[in-house]
Amino acid sequence: MTLLQGTSAATGPVHVVIDKALAPYAEYRAFRRGALGRDAYCRWTGSGAVTPSEVGLNTDQFNLSTRFPVDEQACAHRILDGLKKAGFIGSTAYPAGEFAAFRAMLSARFRHGAYATYIFPEEARLLFALAHILAPRNALFPGSYYGYWAVWAMPGIMAAGGRATLVDVDADSMRLAQENFAALGLSGHVAYVTADAVPYGRTVEDVDLCVLDAEGPKDAEDPALRDKAVYAPIMRATTPGLREGCLLVAHNMLLENLTDNRYFAERIVANEAQYAAFHEHVHECYDLRAVCPTSEGVGIYRKSNDARVPSRQDLRKRRPTARKETRSVPPPVHLGVCDRGSPRQDR
(Lines give C-alpha, C1' and ligand atoms only; values in the text may rest on other atoms or scores of the structure.)
Protein backbone atom coordinates (compact mmCIF):
# COMPACT_ATOMS: atom_id res chain seq x y z
CA MET A 1 0.00 0.00 0.00
CA THR A 2 1.09 3.57 -0.63
CA LEU A 3 2.15 5.48 2.46
CA LEU A 4 0.83 9.02 2.29
CA GLN A 5 1.80 12.21 4.08
CA GLY A 6 4.65 10.84 6.14
CA THR A 7 5.83 7.33 6.67
CA SER A 8 5.93 5.44 9.93
CA ALA A 9 9.08 3.42 10.59
CA ALA A 10 7.02 0.62 12.16
CA THR A 11 7.30 -2.87 10.69
CA GLY A 12 4.92 -5.83 10.60
CA PRO A 13 1.12 -5.55 10.45
CA VAL A 14 0.23 -1.85 10.49
CA HIS A 15 -3.14 -2.51 12.13
CA VAL A 16 -1.23 -3.58 15.26
CA VAL A 17 0.74 -0.32 15.20
CA ILE A 18 -2.44 1.75 14.78
CA ASP A 19 -4.27 -0.11 17.53
CA LYS A 20 -1.40 0.30 20.00
CA ALA A 21 -1.08 4.02 19.23
CA LEU A 22 -4.78 4.78 19.71
CA ALA A 23 -5.64 2.34 22.50
CA PRO A 24 -5.03 4.96 25.25
CA TYR A 25 -7.93 7.07 23.95
CA ALA A 26 -11.44 6.41 25.26
CA GLU A 27 -13.05 7.36 21.94
CA TYR A 28 -11.06 4.76 20.05
CA ARG A 29 -11.75 2.06 22.63
CA ALA A 30 -15.47 2.87 22.54
CA PHE A 31 -15.49 2.69 18.74
CA ARG A 32 -13.71 -0.67 18.67
CA ARG A 33 -16.15 -2.25 21.13
CA GLY A 34 -19.17 -0.88 19.24
CA ALA A 35 -20.22 1.71 21.83
CA LEU A 36 -19.39 4.70 19.60
CA GLY A 37 -20.68 4.88 16.04
CA ARG A 38 -18.35 5.13 13.07
CA ASP A 39 -19.59 8.60 12.10
CA ALA A 40 -19.05 9.91 15.64
CA TYR A 41 -15.58 8.39 15.82
CA CYS A 42 -14.68 9.93 12.46
CA ARG A 43 -15.76 13.34 13.75
CA TRP A 44 -13.49 12.86 16.76
CA THR A 45 -10.48 12.03 14.58
CA GLY A 46 -11.16 15.16 12.54
CA SER A 47 -11.72 17.43 15.52
CA GLY A 48 -8.04 18.05 16.28
CA ALA A 49 -8.42 16.65 19.80
CA VAL A 50 -5.47 14.43 18.91
CA THR A 51 -3.23 14.59 15.85
CA PRO A 52 -1.45 11.80 13.97
CA SER A 53 1.99 13.03 14.98
CA GLU A 54 1.01 13.04 18.66
CA VAL A 55 0.39 9.31 18.56
CA GLY A 56 3.26 8.41 16.23
CA LEU A 57 1.17 7.67 13.14
CA ASN A 58 1.13 9.18 9.69
CA THR A 59 -2.04 10.80 8.35
CA ASP A 60 -3.02 7.75 6.34
CA GLN A 61 -2.67 5.36 9.26
CA PHE A 62 -4.55 7.70 11.60
CA ASN A 63 -7.50 7.94 9.22
CA LEU A 64 -7.49 4.24 8.41
CA SER A 65 -8.59 3.63 11.99
CA THR A 66 -12.00 5.07 11.01
CA ARG A 67 -12.44 2.20 8.53
CA PHE A 68 -11.77 -0.61 11.02
CA PRO A 69 -14.69 -3.03 11.36
CA VAL A 70 -16.12 -3.48 14.84
CA ASP A 71 -15.76 -7.25 14.36
CA GLU A 72 -13.41 -8.56 11.67
CA GLN A 73 -15.11 -11.97 11.55
CA ALA A 74 -18.59 -10.53 11.16
CA CYS A 75 -17.27 -8.14 8.50
CA ALA A 76 -15.74 -10.96 6.46
CA HIS A 77 -18.90 -13.03 6.81
CA ARG A 78 -21.08 -10.17 5.57
CA ILE A 79 -18.80 -9.79 2.55
CA LEU A 80 -19.01 -13.52 1.82
CA ASP A 81 -22.81 -13.34 2.06
CA GLY A 82 -22.80 -10.42 -0.38
CA LEU A 83 -20.51 -12.26 -2.80
CA LYS A 84 -22.76 -15.32 -2.75
CA LYS A 85 -25.89 -13.26 -3.40
CA ALA A 86 -24.13 -11.50 -6.28
CA GLY A 87 -23.10 -14.82 -7.86
CA PHE A 88 -19.34 -14.68 -7.27
CA ILE A 89 -19.27 -17.79 -5.06
CA GLY A 90 -21.62 -20.68 -4.57
CA SER A 91 -21.07 -21.14 -0.85
CA THR A 92 -19.90 -19.22 2.20
CA ALA A 93 -18.70 -22.29 4.09
CA TYR A 94 -15.07 -22.41 5.19
CA PRO A 95 -13.29 -23.88 8.24
CA ALA A 96 -13.64 -20.79 10.44
CA GLY A 97 -12.45 -22.76 13.45
CA GLU A 98 -9.08 -23.36 11.80
CA PHE A 99 -8.55 -19.67 11.13
CA ALA A 100 -7.82 -18.77 14.75
CA ALA A 101 -5.17 -21.48 15.07
CA PHE A 102 -3.54 -20.45 11.80
CA ARG A 103 -3.57 -16.80 12.84
CA ALA A 104 -1.92 -17.67 16.16
CA MET A 105 0.78 -19.64 14.36
CA LEU A 106 1.52 -16.77 11.97
CA SER A 107 1.56 -14.26 14.81
CA ALA A 108 4.20 -16.34 16.57
CA ARG A 109 6.29 -17.52 13.63
CA PHE A 110 5.92 -15.24 10.59
CA ARG A 111 8.89 -12.86 10.40
CA HIS A 112 8.34 -9.40 8.91
CA GLY A 113 11.95 -8.23 8.89
CA ALA A 114 12.17 -4.60 7.83
CA TYR A 115 8.79 -4.67 6.06
CA ALA A 116 5.36 -3.38 6.99
CA THR A 117 2.06 -4.76 5.71
CA TYR A 118 -1.30 -3.08 5.23
CA ILE A 119 -3.22 -6.36 5.14
CA PHE A 120 -5.88 -5.94 7.82
CA PRO A 121 -7.47 -8.77 9.84
CA GLU A 122 -10.77 -8.88 7.92
CA GLU A 123 -8.82 -8.97 4.63
CA ALA A 124 -6.70 -11.88 5.86
CA ARG A 125 -9.81 -13.80 6.92
CA LEU A 126 -11.57 -13.01 3.63
CA LEU A 127 -8.73 -14.47 1.55
CA PHE A 128 -8.42 -17.46 3.89
CA ALA A 129 -12.14 -18.14 3.37
CA LEU A 130 -12.15 -17.55 -0.39
CA ALA A 131 -9.24 -19.92 -0.92
CA HIS A 132 -11.16 -22.68 0.88
CA ILE A 133 -14.41 -21.91 -0.95
CA LEU A 134 -12.83 -21.69 -4.41
CA ALA A 135 -10.36 -24.60 -3.91
CA PRO A 136 -7.88 -23.30 -6.51
CA ARG A 137 -5.38 -25.62 -8.13
CA ASN A 138 -3.26 -22.88 -9.69
CA ALA A 139 -3.17 -19.62 -7.73
CA LEU A 140 -1.17 -16.61 -8.88
CA PHE A 141 -0.01 -13.67 -6.71
CA PRO A 142 1.35 -10.79 -8.84
CA GLY A 143 3.04 -8.28 -6.56
CA SER A 144 3.29 -10.75 -3.69
CA TYR A 145 5.69 -8.52 -1.69
CA TYR A 146 7.03 -10.63 1.19
CA GLY A 147 4.12 -13.05 1.05
CA TYR A 148 2.03 -11.92 4.00
CA TRP A 149 -1.32 -11.81 2.14
CA ALA A 150 -0.53 -14.89 0.08
CA VAL A 151 0.16 -16.97 3.16
CA TRP A 152 -3.47 -16.63 4.29
CA ALA A 153 -4.60 -18.42 1.12
CA MET A 154 -2.23 -21.34 1.55
CA PRO A 155 -4.40 -23.59 3.78
CA GLY A 156 -7.20 -23.50 1.18
CA ILE A 157 -4.82 -23.98 -1.74
CA MET A 158 -3.14 -26.94 -0.05
CA ALA A 159 -6.48 -28.50 0.91
CA ALA A 160 -7.38 -28.47 -2.79
CA GLY A 161 -4.06 -30.05 -3.75
CA GLY A 162 -3.08 -26.86 -5.55
CA ARG A 163 -0.01 -24.70 -5.91
CA ALA A 164 0.70 -20.99 -5.55
CA THR A 165 3.05 -18.84 -7.60
CA LEU A 166 4.40 -15.71 -5.89
CA VAL A 167 5.67 -13.03 -8.28
CA ASP A 168 7.57 -9.93 -7.20
CA VAL A 169 10.29 -7.86 -8.79
CA ASP A 170 12.10 -7.26 -5.48
CA ALA A 171 14.58 -10.00 -4.64
CA ASP A 172 14.89 -9.11 -0.95
CA SER A 173 11.17 -9.26 -0.22
CA MET A 174 10.89 -12.51 -2.19
CA ARG A 175 13.76 -13.96 -0.18
CA LEU A 176 11.91 -13.19 3.06
CA ALA A 177 8.74 -14.75 1.66
CA GLN A 178 10.64 -17.89 0.78
CA GLU A 179 12.23 -18.09 4.24
CA ASN A 180 8.86 -17.69 5.95
CA PHE A 181 7.04 -20.22 3.77
CA ALA A 182 9.86 -22.73 4.26
CA ALA A 183 9.77 -22.27 8.03
CA LEU A 184 6.01 -22.86 7.98
CA GLY A 185 6.32 -26.00 5.88
CA LEU A 186 4.57 -24.47 2.86
CA SER A 187 7.34 -24.35 0.26
CA GLY A 188 6.42 -27.66 -1.32
CA HIS A 189 3.30 -25.99 -2.66
CA VAL A 190 4.84 -22.68 -3.80
CA ALA A 191 6.88 -21.38 -6.73
CA TYR A 192 8.86 -18.18 -6.18
CA VAL A 193 9.37 -15.94 -9.20
CA THR A 194 11.49 -12.82 -8.93
CA ALA A 195 10.41 -10.97 -12.05
CA ASP A 196 8.43 -8.06 -13.44
CA ALA A 197 4.77 -9.14 -13.23
CA VAL A 198 3.91 -7.66 -16.65
CA PRO A 199 6.13 -9.85 -18.87
CA TYR A 200 5.67 -12.80 -16.53
CA GLY A 201 1.89 -12.41 -16.81
CA ARG A 202 2.11 -13.12 -20.53
CA THR A 203 3.42 -16.63 -19.76
CA VAL A 204 0.77 -17.89 -17.32
CA GLU A 205 -1.98 -20.38 -18.16
CA ASP A 206 -4.94 -22.01 -16.42
CA VAL A 207 -4.87 -19.75 -13.35
CA ASP A 208 -8.00 -20.25 -11.25
CA LEU A 209 -7.32 -17.65 -8.53
CA CYS A 210 -5.41 -14.40 -9.01
CA VAL A 211 -4.56 -12.19 -6.02
CA LEU A 212 -3.19 -8.79 -6.99
CA ASP A 213 -1.29 -6.41 -4.70
CA ALA A 214 1.48 -4.99 -6.88
CA GLU A 215 2.93 -1.50 -6.67
CA GLY A 216 5.04 0.27 -9.25
CA PRO A 217 7.73 2.86 -8.50
CA LYS A 218 6.21 6.12 -7.35
CA ASP A 219 8.64 7.98 -9.59
CA ALA A 220 8.17 5.81 -12.69
CA GLU A 221 8.59 7.85 -15.86
CA ASP A 222 5.55 6.19 -17.42
CA PRO A 223 2.42 7.08 -15.38
CA ALA A 224 0.89 3.75 -16.41
CA LEU A 225 3.57 1.98 -14.36
CA ARG A 226 3.47 4.33 -11.38
CA ASP A 227 2.23 3.09 -8.00
CA LYS A 228 -1.11 1.23 -8.23
CA ALA A 229 -1.68 2.27 -11.85
CA VAL A 230 0.48 -0.76 -12.62
CA TYR A 231 -2.59 -2.95 -12.00
CA ALA A 232 -3.79 -2.23 -15.55
CA PRO A 233 -0.71 -3.39 -17.51
CA ILE A 234 -0.27 -6.37 -15.20
CA MET A 235 -3.81 -7.57 -15.77
CA ARG A 236 -3.82 -6.84 -19.50
CA ALA A 237 -0.88 -9.24 -19.66
CA THR A 238 -2.29 -11.77 -17.17
CA THR A 239 -6.04 -11.93 -17.85
CA PRO A 240 -5.72 -14.11 -20.98
CA GLY A 241 -4.01 -16.74 -18.80
CA LEU A 242 -6.89 -16.91 -16.32
CA ARG A 243 -9.52 -19.60 -16.65
CA GLU A 244 -13.14 -18.64 -17.32
CA GLY A 245 -14.81 -17.90 -14.01
CA CYS A 246 -11.49 -17.25 -12.25
CA LEU A 247 -11.74 -14.69 -9.47
CA LEU A 248 -9.35 -11.77 -9.39
CA VAL A 249 -8.92 -10.39 -5.86
CA ALA A 250 -7.26 -6.97 -5.77
CA HIS A 251 -6.03 -5.11 -2.69
CA ASN A 252 -6.05 -1.35 -2.05
CA MET A 253 -9.31 -0.74 -3.90
CA LEU A 254 -10.30 2.05 -1.52
CA LEU A 255 -13.08 3.64 -3.59
CA GLU A 256 -15.87 4.14 -1.06
CA ASN A 257 -15.97 6.63 1.81
CA LEU A 258 -17.53 4.88 4.80
CA THR A 259 -18.08 8.20 6.60
CA ASP A 260 -17.86 11.88 5.82
CA ASN A 261 -14.07 11.68 6.00
CA ARG A 262 -12.42 14.56 4.12
CA TYR A 263 -9.07 12.79 3.91
CA PHE A 264 -10.59 9.76 2.19
CA ALA A 265 -12.80 11.92 -0.03
CA GLU A 266 -9.61 13.36 -1.54
CA ARG A 267 -7.82 10.03 -1.63
CA ILE A 268 -10.73 8.35 -3.44
CA VAL A 269 -10.62 10.96 -6.20
CA ALA A 270 -6.92 10.18 -6.67
CA ASN A 271 -7.56 6.43 -6.52
CA GLU A 272 -10.30 6.59 -9.15
CA ALA A 273 -7.95 8.40 -11.51
CA GLN A 274 -5.15 5.94 -10.84
CA TYR A 275 -7.38 2.91 -11.43
CA ALA A 276 -9.17 4.26 -14.53
CA ALA A 277 -7.32 2.02 -17.00
CA PHE A 278 -7.65 -0.99 -14.68
CA HIS A 279 -11.41 -0.41 -14.40
CA GLU A 280 -11.67 -0.18 -18.18
CA HIS A 281 -9.91 -3.54 -18.47
CA VAL A 282 -12.03 -5.36 -15.90
CA HIS A 283 -15.21 -3.86 -17.40
CA GLU A 284 -14.23 -5.45 -20.71
CA CYS A 285 -13.05 -8.83 -19.46
CA TYR A 286 -14.86 -9.56 -16.16
CA ASP A 287 -18.61 -10.03 -15.95
CA LEU A 288 -18.97 -9.52 -12.19
CA ARG A 289 -17.21 -6.66 -10.39
CA ALA A 290 -17.50 -5.59 -6.76
CA VAL A 291 -15.62 -3.55 -4.19
CA CYS A 292 -15.72 -4.66 -0.57
CA PRO A 293 -15.51 -1.99 2.19
CA THR A 294 -12.60 -3.41 4.16
CA SER A 295 -10.01 -1.22 5.84
CA GLU A 296 -8.01 -0.84 2.62
CA GLY A 297 -10.72 -1.93 0.17
CA VAL A 298 -10.74 -5.22 -1.73
CA GLY A 299 -11.94 -5.53 -5.32
CA ILE A 300 -13.28 -8.87 -6.54
CA TYR A 301 -13.85 -9.61 -10.22
CA ARG A 302 -14.96 -12.73 -12.10
CA LYS A 303 -13.44 -13.40 -15.50
CA SER A 304 -16.13 -13.59 -18.12
CA ASN A 305 -16.81 -16.70 -20.20
CA ASP A 306 -17.90 -14.40 -23.03
CA ALA A 307 -16.18 -15.37 -26.26
CA ARG A 308 -15.66 -11.67 -26.96
CA VAL A 309 -13.11 -11.37 -24.15
CA PRO A 310 -9.84 -10.61 -25.98
CA SER A 311 -7.26 -13.35 -26.22
CA ARG A 312 -3.56 -12.83 -25.67
CA GLN A 313 -3.15 -12.56 -29.46
CA ASP A 314 -5.93 -9.96 -29.66
CA LEU A 315 -4.34 -7.85 -26.93
CA ARG A 316 -0.97 -8.06 -28.65
CA LYS A 317 -2.47 -6.85 -31.92
CA ARG A 318 -4.23 -3.91 -30.33
CA ARG A 319 -1.19 -2.73 -28.35
CA PRO A 320 -1.13 1.00 -29.14
CA THR A 321 1.88 2.88 -30.44
CA ALA A 322 0.74 6.00 -28.60
CA ARG A 323 -1.08 6.25 -25.30
CA LYS A 324 -4.83 6.48 -25.68
CA GLU A 325 -7.14 8.10 -23.21
CA THR A 326 -9.11 5.76 -21.00
CA ARG A 327 -12.85 5.83 -21.49
CA SER A 328 -15.40 6.19 -18.75
CA VAL A 329 -16.88 2.87 -17.64
CA PRO A 330 -19.53 1.96 -15.07
CA PRO A 331 -18.02 1.64 -11.58
CA PRO A 332 -17.93 -1.72 -9.82
CA VAL A 333 -20.76 -2.56 -7.45
CA HIS A 334 -20.06 -1.48 -3.88
CA LEU A 335 -21.09 -4.27 -1.54
CA GLY A 336 -23.03 -2.42 1.18
CA VAL A 337 -21.88 -4.60 4.02
CA CYS A 338 -20.05 -2.15 6.27
CA ASP A 339 -21.04 -2.07 9.92
CA ARG A 340 -21.78 1.37 11.28
CA GLY A 341 -20.12 0.83 14.63
CA SER A 342 -23.04 -1.01 16.22
CA PRO A 343 -22.44 -3.72 18.84
CA ARG A 344 -20.66 -6.84 17.70
CA GLN A 345 -22.71 -9.51 15.98
CA ASP A 346 -21.47 -12.88 14.82
CA ARG A 347 -23.23 -14.69 12.06
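From most to least packed by mean Cβ count within 10 Å, the peptides 20-29, 230-239 give 230-239, 20-29. Per residue of the chain, the DSSP helices (runs of n ≥ 4 H) give a summed -39500 (n - 2.57) that works out to -12000 deg cm²/dmol at 222 nm. How high is the relative contact order of the chain? Use alpha-carbon pairs under 8 Å, at least six apart in sequence, and give a whole percent. Once divided by the residue count of the chain, the mean separation gives 19 percent. If you take every DSSP beta bridge fully contained in segment 154-303, what fraction is antiparallel? Give it as a percent rounded to 5. Antiparallel: roughly 50 percent of the beta bridges in segment 154-303. Just tell me which aspartates and glutamates come within less than 16 Å, Cα to Cα, of Lys303; anything on the same chain fewer than 8 places away is out. Partners found: Glu205, Asp206, Asp208, Glu244, Glu280, Glu284, Asp287.
Listed by chain and number, the aspartates and glutamates whose alpha-carbon sits under 19 Å from that of Lys20, ignoring those within fewer than 8 places in the same chain, are Glu54, Asp60, Asp71, Glu72, Glu122, Glu296. Note on segment 1-116: with neighbouring protein chains present and a 1.4 Å probe, carbon and sulfur make up 54 percent of its accessible heavy-atom surface. The Ala49 and Ala159 beta-carbon pair, evaluated with R₀ = 35 Å, returns a calculated FRET efficiency of approximately 0.15.
At what distance in nm do the modelled label points of Ala224 and Met105 sit from each other, each positioned 7 Å from its Cα along Cα→Cβ? Calculated label separation equals 4.3 nm. Within segment 18-60, whose backbone N sits under 16 Å from a point 7 Å along Cα→Cβ of Arg262? Flagged as within label range: 42-52, 59-60. DSSP finds beta bridges in segment 70-222, and of those with both partners inside it, around 0 percent are antiparallel. Taking every full run of DSSP H in the chain, the ones that stretch at least 15 Å from end to end by Cα along their long axis and average -0.5 or higher on the Kyte-Doolittle scale are 72-86, 96-109, 121-134, 148-159, 171-183. Distant-in-sequence amide contacts of Val298, defined by a placed amide H-H separation under 5 Å and a gap of 5 or more residues or a different chain, comprise Met253, Cys292. Among DSSP beta bridges lying fully in the chain, give the percent that are antiparallel, nearest 5. The answer is about 35 percent antiparallel. Taking the Cα centre of the chain as reference, the dipole from Cβ charges on Lys and Arg (+1) and Asp and Glu (-1) amounts to some 520 debye. For segment 263-310, chymotrypsin sites (Phe, Trp or Tyr not before Pro) meeting the loop criterion (DSSP other than H, G, I, E, B) and having at most 12 other Cβ atoms within 10 Å: none. As a fraction of the 1.4 Å probe accessible area of segment 187-230, surface on carbon and sulfur atoms comes out at 50 percent.
The values are calculated or read from the model by the stated rules, or taken from the named source; none is laboratory data. Keep in mind that this is a model prediction, so the values were computed, not measured. In this analysis, Cβ positions are derived from the backbone assuming ideal geometry, glycine residues included, and neighbour counts consider all displayed protein chains. All accessible areas refer to the heavy atoms of the entire protein, side chains included, with ligands and DNA or RNA removed. Shrake-Rupley method; radii C 1.70, N 1.55, O 1.52, S 1.80 Å.
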